[in-house]
């Protein structure tokens, strides 16, 4: 599904620091961590950072970016 990053949210990462983890590759099924996206090149070049939390994130700001 094509998409663009048109909204940017900012928050203090300390609010989730005790509940953050790096996902395994291939939708969590690989035996290696994937801090930078790379497993599905058909969806783009990858290289974005990723982490997972189950905590609610309280945003400091939410900005709609120009196209």
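In the chain, helical runs assigned H by DSSP with n ≥ 4 each contribute -39500 (n - 2.57); averaged across all residues and rounded to the nearest 500, the mean residue ellipticity at 222 nm is -1000 deg cm²/dmol.
Can you give the Rg/Rh ratio of the chain, where Rg is from the C-alpha atoms and Rh is the Kirkwood radius? Could you put the intermediate results ahead of the total?
Details: Rg = 14.0 Å, Rh = 13.9 Å.
In the chain, Rg relative to Rh is 1.01.
Available extension along the chain between residue 45 and residue 24 is 5.7 nm, counting 0.36 nm per residue and deducting the alpha carbon span.
Only the coordinates and a few stated rules stand behind these numbers; no lab work does. A quick note: this is a predicted structure, and the numbers were derived from the prediction, not measured.
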